[in-house]
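Reviewing the structure listed below.
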Amino acid sequence: MMEELLSMGFSEELASQALAATASSSAGEDGQSIEAAADWIISQSSQSSQSPTVPSSQSNLRRFLLPNPAKPNRSPNAPPPPLIPRAKRFKSSPSSLSPLSDRMRPSTLDLILGQDHLLAPSSLLRSAISRTGCGGLIPSLLLWGPPGSGKTSLARAIALNLPSHRFTPLSAVTATVADLRRAIDDARRSRSQTRTILFVDEIHRFSKTQQDALLPAIEDGSVIFLCATTENPSFHVTTPLLSRVRVLSLSPLQPQHIRSLLHRAVDDADNGLRLSTNGTLVAVDDEAFDFLSLHCDGDARVALNSLEASAVLAMNRSSANGQETVTVTTADAKEAMQSKHLAYDRDGEEHYNLISALHKSMRGSDADAAIYWLARMMEGGEKPLYIARRLVRFASEDVGLADPAALGLAVACYQACHFIGMPECDVCLAHCVAYLAMAPKSVAVYKALNSAKMAVRESLGGNEGVPLHLRNAPTKLMKEMGYGDGYLYPPDHPEACKGQIYLPELIKGKKFLHWPPAEENST
């Protein structure tokens with residue numbers, strides 16, 4: 001900022017004084033800090049004849065720094081400036097530089113598709129917005145849903161439906177604690193004039209400290225807090241923050257919803273597909289619509305951006321053939337998408353959902369379903385060794401004594417995956433998954449272990465020491481103390497040792513493992 005003031009013709013002494021005098025008002029953008037410093041110098045020059053003369057060309061400095069030359073100077077403690085009209089706060093004019101998915105973002109609640117459970121006339125959200133218009137308050141909300149389901153669009157549409165509120169968007173990817181405090185301070189200063197909706201996208205990216213920084217402002221109502229996340233809030237949002245918001249779950253868009261959005265993009269002459277093709281008319285085959293709708297996994301962003309890429313490919317082909325109208329075909333859509341989009345995150349909730357589906361399908365002896373879920377994980381990029389480790393566990397937990405060979409096969413599968421890796425080891429995993437799914441099942445060992453653990457934790461029998469006859473006696477003193485006395489070596493006493501006691505006296509005769517199964521269902 002010092003360099004910019006010097007480049008305006010001010011002396012270094014004046015620039016230093018101005019920056020020091022306006023330091024308390026420099027919480028905003030850099031341009032606002034420079035403006036305040038320049039205004040301070042100009043005002044000092046007009047008030048004191050002893051101040052160095054300021055070049056006349058700089059007396060109109062504010063005309064170049066501000067869109068409104070009549071706007072008065074702001075003092076460091078002045079209230080925030082008047083609100084920008086809500087339509088201009090986060091809706092810029094259409095630009096071909098913006099992706100189609102951004103240009104087609106729904107601006108009203110009625111344009112949002114696929115979330116009828118949240119936007120029905122009698123829903124919590126609609127009721128809260130209508131109450132807010134009558135003087136009520138909209139609650140703080142956490143929007144949870146998969147990518148491309150409309151979380152950010154919903155937050156912005158909520159703000160547009162509340163014209164008396166100020167909308168402040170932040171992204172947890174780039175925002176810091178300082179950014180949060182600055183936004184909250186602005187909200188508190190303007191609270192007497194208007195309420196502030198603070199929207200934080202990707203809230204799961206915030207650390208615990210950053211999430212905690214939001215708590216006082218939400219608690220005292222300084223801001224109406226909206227946030228969005230693709231991750232399960234139970235694992236990625238702190239408990240204190242969860243207790244202050246209401247979680248709304250968004251569903252993945254269905255193919256019919258995606259198709260409607262694609263048609264809307266084609267028909268919109270101002271912000272739609274025509275802007276991507278520099279005004280060239282665009283037509284899309286029905287099969288191309290179907291392909292994009294079915295292969296985006298409910299992600300509107302993927303579908304719209306793939307449509308845009310398809311149109312560019314079609315336009316290039318049409319230009320080469322001298323055609324004036326662009327027709328997007330299925331071949332263009334396939335080329336643009338390259339491969340089916342798979343909603344899979346190896347560190348997110350979908351990772352655990354799919355491995356759970358694989359386990360439960362094998363446990364239910366459905367080999368077809370088990371192989372399908374295995375294919376979903378592998379196509380999504382899951383590490384083969386992770387899957388193989390889970391199969392080893394399954395072989396003991398769910399198959400167990402019903403087929404002792406299952407554990408050996410699972411270990412061999414792990415070793416095969418380690419030796420050859422992907423993609424060749426995929427059939428090894430499928431082999432093991434099919435075997436485990438069709439194998440007889442027994443959880444006798446699993447139940448026995450859990451029962452024994454419970455006995456230990458609950459101190460059943462007092463967790464008394466090991467009986468003397470089961471202890472080794474490597475020293476003379478230990479022999480004199482009775483260690484090992486009365487122990488019968490089974491190979492030498494096959495009949496007599498059948499009555500030998502191996503459990504502590506207080507839990508003598510306790511059964512943990514029930515085998516062979518008498519009542520257990522083996523399938």
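Observations on the model:
- With all protein chains kept in place, the per residue accessible area of the stretch 104-168 amounts to 39 square angstrom at a probe of 1.4 angstrom.
- In Å, descending, principal axis extents of the Cα set of the stretch 136-190: 33, 31, 16
- Listed residues VAL392, PRO474, ALA439: farthest to the positive end of the dipole of the stretch 384-523 (Cβ charges): PRO474
- Placing a pseudo-label 7 Å from each Cα along the Cα-to-Cβ vector at LYS479 and ARG393 gives an inter-label distance of 4.8 nm.
- Evaluated at q = 0.18, 0.22 Å⁻¹: base-10 log I(q)/I(0), Debye formula over Cα of the stretch 115-249: -1.00, -1.51
- Mean-position separation - Cα centroids, the stretch 293-316 and the stretch 138-188, in angstrom: 28
- Translational diffusion of the stretch 416-520, µm² s⁻¹ [Kirkwood Rh, Cα pairs; Stokes-Einstein; 20 °C; 1.002 mPa s]: 117
- Over the stretch 115-249, relative contact order from alpha-carbon pairs under 8 Å, at least 6 apart, %: 32
- Added length on full extension, which subtracts the Cα-Cα distance from 0.36 nm per residue, ARG246 to SER107: 47.8 nm
- Per residue solvent-accessible surface (Å²) - the stretch 255-339, probe of 1.4 Å: 47
- Fully extended contour minus Cα-Cα distance, from VAL466 to GLN256, at 0.36 nm per residue: 68.8 nm
- A DSSP coil position with no more than 11 other Cβ atoms inside 10 Å describes none of the trypsin sites (Lys or Arg not before Pro) in the stretch 407-463.
- Near-label residues of the stretch 444-463 by backbone N, under 19 Å of a point 7 Å along Cα→Cβ of HIS514: 444-456
- If you sort ARG363, ARG103 by accessible surface, 1.4 Å probe, largest first, the order is ARG363, ARG103.
- Cα gyration tensor shape of the stretch 212-265, rounded if a/c is under 1.5, else prolate or oblate by comparing a/b with b/c: prolate
- Peptide ranges 138-148, 374-384 listed from the most packed, as the mean C-beta count within 10 angstrom indicates: 138-148, 374-384
- Loop-located chymotrypsin sites (Phe, Trp or Tyr not before Pro) in the stretch 456-518, at most 15 other Cβ atoms within 10 Å (DSSP): TYR502
- Per-residue 3J(HN,Hα) values for the stretch 262-272, derived from phi via the Karplus relation 6.51 cos²θ - 1.76 cosθ + 1.60 with θ = phi - 60°, read 5, 4, 4, 5, 6, 7, 6, 7, 8, 10, x Hz in sequence order (x marks Gly and Pro).
- Mean-position separation - Cα centroids, the stretch 399-446 and the stretch 376-393, in angstrom: 12
- Of the solvent-accessible surface of the stretch 349-441, computed with a 1.4 Å probe and all protein chains present, 60% belongs to carbon and sulfur.
- Checking the Cα-Cα distances for LYS383/LYS453; LYS360/LYS383; LYS383/LYS441 against a 22 Å cut-off, the pairs over it are LYS383/LYS453; LYS383/LYS441.
- Global form of the stretch 349-441, assessed from the alpha-carbon gyration tensor, a/c cut-off 1.5: oblate
- For the listed peptides 194-201, 409-416, a ranking on the average number of other beta carbons within 10 Å per residue, highest first, reads 194-201, 409-416.
- At a probe radius of 1.4 angstrom, the accessible area of the stretch 369-499 per residue rounds to 59 square angstrom.
- Heavy-atom SASA rank of HIS418, HIS351, HIS204 (probe 1.4 Å, accessible area, largest first): HIS418, HIS204, HIS351
- With the simple model of a label 7 Å out from the Cα in the direction of the Cβ, SER11 to GLU219 spans 5.2 nm.
- Close amide-amide hydrogen proximity is noted between LEU141 and PHE225, LEU226, CYS227, ARG246, each under 5 Å apart and 5 or more residues distant or on a separate chain (H modeled in the peptide plane; Pro and chain starts excluded).
- Packing-based ranking of 299-308, 397-406 yields 299-308, 397-406, ordered from highest to lowest mean Cβ neighbour count within 10 Å.
- Calculated from backbone phi, Karplus (6.51, -1.76, 1.60) coupling profile of the stretch 411-427 in Hz, x at Gly/Pro: 5, 5, 5, 4, 5, 5, 5, 5, 6, 10, x, 7, x, 5, 7, 4, 6
- Proportion of all alpha-carbon pairs of the stretch 255-339 beyond 17 Å (%): 38
The values are calculated or read from the model by the stated rules, or taken from the named source; none is laboratory data. If you're wondering where the values come from, they're calculated on a predicted model, not measured in any experiment. Cβ: placed from backbone, ideal geometry, glycine included. Neighbour counts: every protein chain shown. What goes into the accessible areas is simple: the full protein's heavy atoms, side chains included, and nothing from ligands, DNA or RNA. Shrake-Rupley method; radii C 1.70, N 1.55, O 1.52, S 1.80 Å.
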